[in-house]
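Enquirer: Here's a structure for you.
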C-alpha cells in the first residue's frame, strides 16, 4: 500500500477540499532555527486565516521547511494566493531584519542575481508540495505525520515537546502559539467534502 502522505500529484482549487502543503527555505537552508523567524511563520499563518478566510487545522515549523494543513472556507480560491500569503510576509520580515542588523553575508547568500534583476529569496521558488485532502480518514494520518516530524529528526522526544507545531493544541493545551480551527466547523455548502478528525 502506498504512503498517502508522500504520494505527489497535482493539486486543484476545489471547494471543500483541504490542502496539505509543504514549503521549504531557499536551498533547504536552516533559516527557521530561531524563535524570531518561526514567529514570522506563525504570524503569516494567522494572517492567511484572517484575511483569506482559511481554516487552519495543523502546522509544523521545522528548521528548513514548514508543513500546513488548511482548508479554504470560500467556494472559490487560489492556492497560489494562499501560498503567497504564507510565504511573502516571512520573506519581507527576514530581508528587513537582515538589513537592520547589517547581516551582509546572509543578504548576499539569499540574493539571486539575474542579468536584468536581483531577487531576495527566503523560500525555495515554486509551489512546493501541495496535496488535496478529500477523505476524512486522511486528516488524522496527516496530522500525526506532521507532528512526528521533529521527533523523526531527533529535535525532541515527543511531538508535544516541539513548541512550533499544533501538536500541543490537539492534545488539549491552551499554551500554544496559534489556536487551530475545528475541522467539523465548515460552512454547510462545503460540508459534504470537508474532512474531520473523528474516526
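Enquirer: Residue separation times 0.36 nm, minus the C-alpha to C-alpha distance between residue 178 and residue 76: what's the value? Spell out each step's value before the answer.
Expert: On the way: separation 102, 0.36 × 102 = 36.72 nm, distance 2.54 nm.
That works out to 34.2 nm of additional length.
Enquirer: Something else about it: Between residue 171 and residue 34, what is the spin-label point distance in nm, taking each point 7 Å from the Cα along the Cα→C-beta axis?
Expert: 2.8 nm
Enquirer: By count of other Cβ within 10 Å, fewest leading, how are 108, 43 ordered?
Expert: 108, 43
Enquirer: Of the listed peptides 62-70, 119-127, what is their order by residue-averaged count of other C-beta atoms within 10 Å, with the highest listed first?
Expert: 62-70, 119-127
Enquirer: I want to check the label-to-label distance for residue 153 and residue 97. Put each point 7 Å from Cα in the C-beta direction and report it in nm to one decimal.
Expert: Rounded to a tenth, the inter-label distance reads 1.5 nm.
Enquirer: Something else: Between the stretch 99-150 and the stretch 57-73, how many Å separate their Cα centres?
Expert: 11 Å
Enquirer: Hey, another quick one. Points 7 angstrom from Cα along the Cβ direction at residue 163 and residue 113: gap in nanometres?
Expert: That separation, rounded to one decimal, is 3.8 nm.
Enquirer: How big is the Cα convex hull of the stretch 120-166 in projection, averaged over all directions, in nm²?
Expert: On the way: hull surface 19.1 nm².
Here the figure is 4.8 nm², rounded to one decimal.
Enquirer: What relative contact order, as a whole-number percentage, does the stretch 18-178 give when Cα pairs under 8 Å and 6 or more residues apart are counted?
Expert: Computed over the stretch 18-178, the figure is 29 percent.
Quick note: the coordinates plus some simple rules give every number you see, no bench work behind them. Just so we're clear, the structure is a prediction, and the values are computed from it rather than from any experiment. Reconstructed Cβ throughout: ideal geometry from the backbone, glycine too, with neighbour counts over all protein chains shown.
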